[in-house]
Amino acid sequence: MYLDSEDEKILAGEYGETRRKMMEILVALGKVFGAEKFVPITSAQVAGASYKTIGKWGLEWLRSLDARVAVPAVLNPIGMPRERWQEMGIPSDFADKQNAVLQAYRRLGVKLECTCTPYYINRTSYGDHVAWSESSAVSYANSVIGARTNREGGPSALAAAIIGKTPYYGLHLWENRMPQVAFRIEAEETVHASHYGAIGYLAGKEAGNRVPIFTGIRPNRDQLKALGAAMAASGAVALYHVDGITPDSRVLRERGMDISVLETITITGEEIEAIFKEQTVDAVAIGCPHCSEDELEEIAGLLKGKTVKIPLYIFAARGVAQANPNLVGTIEMSGAKVWEDTCIVVSPGMDHFGTIMVNSGKAFAYVPNMCGAAAVLGSTEECIAAALGE
Ligand code: F3S
């Protein structure tokens, strides 16, 4: 792997022990995956921020580091809303440890914006190379924006943030971004983001880690977000194309892509509907990935002047929630809560429910294992109706 003279100096420890260790991580990764060189990155999104997932050893490792990030970097969701953790029922012992994790990241220069939707906070453009960790964010970056990122682990994303580069392999290379399997969607109605979550849930199981291309759908950005997040959870899809919609698919068409030669899997409306079933639920959670402004607006419209009968939790990035105080106010007037910084699966505050209703294919896939609860999938309207007891 080619290293320039600065890289060599970092590796020799001339810029301190932490940078040396970070360079070592990146070089090791590059060698494993056959990278010929590094590529500069414009941003990083670092997983391993919830104390629930990193625990004592992760915190100690973070505390041992002494350097500053070289590019804008944000965090994945943490285990609690930073200011309102008591309201969510988080034990103070957990909150102390979670705050210690945040302080460790702050010392490294990481912005304490804790979200799986960094694209709502920092501008990322087509063709940018980035080092993001969270699977739905990676999918959105690659597929919807047309940026280039592999799915980084927490340490490799942090190493890339500190060095400002990442090994040039995998989805950074155009040749690895070609579709490998086609999905034809044959459904009369696919109008809700949760329908796209269901399609993603089904397609991810079939696609595994291949790059899929979809035909027969015309999703908007929130629906693309739901589709990609679910595929990243039920499979390991880090990049997908929707024919004529996602940016790389247009480039592929211009270059003569022929998807008729690919294995083609059909998903029907009946298969999609079969994922949705009626069941009594204890709580409702929306915002996996974190809600956009449009999604908050839809939820606020459905809740206006009404009162929830069971816990209804809405998850959003701090930057998005705080930019929309009226929508958050309308939602919270109903008794629902808008939680910043945290998420359904990495917060211990979600661990005491028996059945949780979600509008997300990704949450539907993760809730059983990560929260120890049964998951029910519904559209946003159905989720709100369940919370209102309608
Ligand atoms: Fe985001 Fe947590 Fe869902 S990180 S995608 S809200 S599982």
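Taken together, the values in this text are just the output of simple stated rules run on the coordinates, not laboratory data. All figures in this text were calculated on a predicted structure; none of them were measured in a lab. Neighbour counts are summed over all protein chains in view; Cβ atoms, including those assigned to glycine, are modelled from backbone coordinates with ideal geometry.
Details
- For trypsin sites (Lys or Arg not before Pro), the sites in segment 1-53 that DSSP calls loop and that have at most 15 other Cβ atoms within 10 Å are Lys37.
- Around the amide H of Ile213, modelled in the peptide plane, lie the amide H atoms of Gln180, Val181, Ala182, Phe183, His241, all under 5 Å away and 5 or more residues distant in sequence or on another chain.
- For segment 30-91, the convex hull spanned by the alpha carbon atoms encloses 141 Å³ per residue.
- Relative to the globular-protein estimate of 2.2 N^0.38 Å, the Cα radius of gyration of segment 5-174 stands at 1.03.
- Dipole magnitude of segment 178-274 about its Cα centre (Cβ charges: Lys, Arg +1; Asp, Glu -1), debye to nearest 20: 440
- Chymotrypsin sites (Phe, Trp or Tyr not before Pro) lying in DSSP loop within segment 34-63, provided at most 16 other Cβ fall within 10 Å: none
- Loop-located chymotrypsin sites (Phe, Trp or Tyr not before Pro) across segment 96-137 with a Cβ neighbour count of 15 or fewer within 10 Å are Tyr126, with loop assigned by DSSP.
- For segment 76-170, the relative contact order comes to 21 percent (Cα pairs under 8 Å, sequence separation of at least 6).
- Segment 5-174: relative contact order in percent, alpha carbon pairs under 8 Å with at least 6 residues between: 34
- The smallest convex shape that holds all Cα atoms of the chain, its convex hull, gives 127 Å³ per residue.
- Helix content alone sets the calculated 222 nm mean residue ellipticity of the chain: runs of n ≥ 4 DSSP H residues at -39500 (n - 2.57) each, divided across all residues, give -12000 deg cm²/dmol.
- Net length available on complete extension from Lys37 to Phe276 is 81.4 nm, with 0.36 nm assigned per residue and the Cα-Cα distance removed.
- Whole-number D in µm² s⁻¹ for segment 1-42, Kirkwood Cα-pair radius fed into Stokes-Einstein, 4 °C, 1.567 mPa s: 124
- The mean sequence separation of alpha-carbon pairs under 8 Å and at least six residues apart, normalised by the residue count of the chain, gives a relative contact order of 18 percent.
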